[in-house]
1. Is it the case that ILE113 is at pLDDT below 95, under 24 Å from ALA146 (Cα atoms) and of a type in the set (A, V, I, L, M, F, W, C)?
2. Within the stretch 129-145, take every residue that is over 26 Å from the mean Cα position of the chain (by Cα) and surrounded by 14 or more Cβ atoms within 10 Å (Cβ to Cβ) and give me the one that is nearest to THR100 (Cα to Cα).
3. So in the stretch 29-54, with the set limited to residues that are charged (D, E, K, R) and closer than 22 Å to SER88 by Cα, which one is nearest to the chain's Cα centre (by Cα)?
4. Restricting to the stretch 5-31, and then to whatever is modelled with pLDDT of 90 or more and loosely packed, with under 13 Cβ neighbours inside 10 Å, can you tell me which residue is farthest from VAL82 (Cα to Cα)?
Amino acid sequence: MSGTMTINGRSRAVDAPVARQISVHAVVRILAERGATAQADLARLTGYSRQTISDVVRELEDTGWLKRKGRTAGKPGRTSTVYTLDGSIALAAAVDLGGTKVAVAISDLLGTILGEMSVPTDRRGGIHVVEQIDREIKALLASVGA
C-alpha cells in the first residue's frame, strides 16, 4: 500500500509503513517539545488529518508511549483529549567517570531523574571499572524499581 505525503511543501509518494513512521515521529516530537498537547492541536501542528492523528494516537497509546492527561476546557466548541508522553516507557542511564569517582543517574524518557549515586572509582582500572559501572547501573535500576 502506498500514498502521498507532503514534506516541506512537496508531495511525494511513500509506502504506508514509512508514512506512518513519519506521522508517529511528528507526533512524538511535538509532545516531547511542547509537553501535554490536545489531539486537535496535534492535527493542526502537524498538518495531518484528524483521522491520521487519531490513528497515530491510538497506536502510541496502545503501545504505551502516550497517556491521556485530560480534556481541553474553557474554549468554545468541542473538547479535545489532551495527551502526554509516558516517561516511564523508557529509561536512560548516564555515567560520569572521573579519576576518583563513578557517578550514575537514571532518568525516564522525559529526562526526570529517578535516582543517582556516586562511588569511588575502582583503583584497579580497566575492565574492573567497566564491571563496576555495570554493577552500579544495575543496582540503581533496581533501587528505582526498574
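The values are calculated or read from the model by the stated rules, or taken from the named source; none is laboratory data. As the structure is a computational prediction, the values presented were derived from the model and not from experiment. Here Cβ is always computed from backbone atoms with ideal geometry, including for glycine, and neighbour counts include all displayed protein chains.
1. No, not satisfied.
2. Applying the filter and picking the extreme gives VAL129.
3. That would be ARG29.
4. For the stretch 5-31, the residue satisfying everything is HIS25.
For every residue, the table says whether it meets (1) in contact with an Asp or Glu (Cβ under 6 Å, 6 or more places away or on another chain); (2) more than 30 Å from ARG124 (Cβ to Cβ).
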residue	(1), (2)
GLU33	no, yes
ALA38	no, yes
LEU42	no, yes
ARG50	no, yes
VAL56	no, yes
THR81	no, yes
GLY98	no, no
VAL104	yes, no
SER107	no, no
